[in-house]
Amino acid sequence: MLKEHLHTFSQQPTPFYVYDLPLLRQTLDVAKAEAAKYDFHIHYALKANANAPILAEVLERGFGADCVSGNEVRRALEAGFAPDQIVFAGVGKSDAEINFALDSNIFCFNSESVQELEVIQELAAAKGKTAQVALRINPNVDAYTHKHITTGLEENKFGINVWELEELVPRFSQWPNLKLIGLHFHIGSQITDLRAFENLCVRVNELQQWFEEKGLVFPHLNVGGGLGVDYRTPEENPIADFAAYFAIFNKLLEKRPGQVIHFELGRALVAPSGNLVSKVLYLKHGQKTNFVILDAGMTELMRPALYQAYHKIENLTSELPPMTYDIVGPICESTDCFSKATELPETKRGDLVAIRTAGAYGEVMVSEYNLRDRVQAIYLT
Ligand SMILES: *Cc1c(COP(=O)(O)O)cnc(C)c1O
């Protein structure tokens with residue numbers, strides 16, 4: 001598919017991100033249709049990709065926004081998301097960020113600690129406002145994903161532990177400026193074993209039951225995001241299995257009458273439609289390893305260096321017989337390696353390669369380490 005656009009690419013300085021907007025639209029439409037079957041509400045997790053043309057497509061489908069910083073709340077507002085469609089999570093919200101979100105009248109703070117609740121109460125009281133909050137509970141559910149992107153285990157920093165709830169619940173009576181409207185969970189990312197979500201549902205049901213025994217019934221349940229994508233064979237599965245994902249929650253989650261179920265999806269919505277295109281600078285042939293040295297590095301796509309993430313790499317311009325390479329970037333770090341022992345058609349200086357499935361947690365993590373130029377983005381419409 002990308003090869004059809006080589007003409008466009010040849011005029012573009014490398015490296016650059018290229019976003020396939022038709023695939024993005026198709027993905028968003030599928031997600032929307034599958035969620036609509038059960039009246040589920042989707043918030044898009046801006047941290048996956050906050051580029052304006054992408055946010056515009058998300059907004060057009062009526063999704064809300066899931067933010068994890070004050071600046072993400074600001075970006076969501078600038079993009080046109082209504083304040084009452086914005087949720088704000090994050091384990092370390094600063095006072096300035098909380099104040100900004102209060103001033104913006106966002107829908108809900110997903111609160112991650114008891115002390116944070118105290119601070120939101122204090123700041124909301126100072127403004128004479130009421131803040132809607134959901135408790136982000138650490139459900140101690142294994143996401144069966146890479147340990148660096150698991151968030152729902154007790155050893156992870158996220159959320160309020162279940163054993164803290166007993167003491168926490170009565171304190172809400174002393175917090176007149178907080179309105180507890182729901183429970184929030186997010187167990188991790190790139191989850192491909194859907195049993196993790198089944199386990200989450202069981203845990204949410206237990207917790208919901210526990211709160212009800214204390215007289216608390218919530219209008220909102222937010223089960224987070226985390227649905228994974230196919231990094232290995234993106235052409236076979238360009239769109240994540242939203243049907244199976246939402247069906248699990250519909251089947252297992254014990255929804256109360258009138259309760260709204262919220263999801264926060266990032267990766268599954270945007271990862272497949274983004275690719276990082278890079279030019280081959282040099283070949284280096286060793287006794288053990290042949291290196292392909294690209295003009296893109298960990299500064300443009302950090303996932304492989306950060307959590308050993310796999311991205312499929314294609315040579316867009318060579319049709320020669322395959323050889324085995326380590327594909328690396330130009331940055332002065334040994335972890336600046338995209339892929340080891342990888343087969344590519346025999347590769348030459350000047351070839352263009354595409355690093356696939358880079359639409360999520362790619363461009364948003366760009367760094368200027370080594371004083372790198374800011375990577376550009378283009379959009380296939
Ligand atoms: C990152 C994040 C998400 C989105 O996760 P994906 O794996 O990209 O779907 C959702 N909710 C919260 C609180 C997050 O931090």
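The values are calculated or read from the model by the stated rules, or taken from the named source; none is laboratory data. Quick caveat: nothing in here was measured; it's all calculated off a predicted structure. Virtual Cβ from ideal backbone geometry, glycine too; neighbours counted across all protein chains shown. Heavy atoms of the whole protein, side chains included, go into the accessibility calculation; ligands, DNA and RNA do not. Shrake-Rupley method; radii C 1.70, N 1.55, O 1.52, S 1.80 Å.
Within the stretch 260-280, the set of residues being open to solvent by 10 Å² or more (accessible area, probe 1.4 Å) and away from the ligand (no atom under 16 Å from the Cβ) comprises VAL260, LYS279. Put simply, of LEU320, LEU283, LEU301 the only residue that is farther than 30 Å from GLY90 by Cβ, assigned to a loop (DSSP other than H, G, I, E, B) and either at pLDDT 95 or above or within 16 Å of the ligand (Cβ to nearest atom) (or both) is LEU320. Please verify whether the stretch 177-193 includes one or more residues that are surrounded by fewer than 16 Cβ atoms within 10 Å (Cβ to Cβ), of a type in the set (S, T, N, Q), more than 11 Å from the ligand (Cβ to nearest atom) and modelled with pLDDT of 90 or more. No, the conditions are met nowhere in the stretch 177-193.
A count restricted to the stretch 219-259 and to residues that are near the ligand (Cβ under 10 Å from one of its atoms) and assigned to a strand (DSSP E or B) stands at 2. Consider the stretch 50-106 and keep the residues that are touching a residue at least 60 places away in the same chain (Cβ under 8 Å) and buried (at least 18 other Cβ atoms within 10 Å of the Cβ). The one that is farthest from the ligand (Cβ to nearest atom) is ASN51. The number of residues in the stretch 283-336 that are within 26 Å of the chain's Cα centre (by Cα), open to solvent by less than 20 Å² (accessible area, probe 1.4 Å) and among the small types (Gly, Ala, Ser) comes to 4.
Scanning the stretch 4-41 for residues that are charged (D, E, K, R) and part of a strand (DSSP E or B) yields a single hit, ASP20. Taken over the stretch 121-136, the criterion of being among the aliphatic types (A, V, I, L, M) and either surrounded by fewer than 22 Cβ atoms within 10 Å (Cβ to Cβ) or more than 18 Å from LEU216 (Cβ to Cβ) (or both) is satisfied by LEU123, ALA124, ALA125, ALA126. Evaluated against (1) open to solvent by 10 Å² or more (accessible area, probe 1.4 Å); (2) over 30 Å from GLN308 (Cα atoms), HIS146 falls short on exactly one condition, (2). Here the stretch 130-176 is the region considered, the condition is being touching a helix residue (DSSP H, G or I) at 6+ places or on another chain (Cβ under 6 Å) and of a type in the set (Gly, Ala, Ser), and the residue that is farthest from the ligand (Cβ to nearest atom) is ALA131. Within the stretch 332-381, the set of residues being assigned to a loop (DSSP other than H, G, I, E, B), within 17 Å of PRO13 (Cα to Cα) and within 16 Å of the ligand (Cβ to nearest atom) is empty.
Looking only at residues of the stretch 96-151 that are small (Gly, Ala, Ser) and in a helix (DSSP H, G or I), we find that the one that is nearest to ASP66 (Cα to Cα) is ALA101.
Applying the condition of being aliphatic (A, V, I, L, M) and farther than 26 Å from GLU254 by Cβ to the stretch 31-49 and asking which residue is nearest to the ligand (Cβ to nearest atom) yields ALA48.
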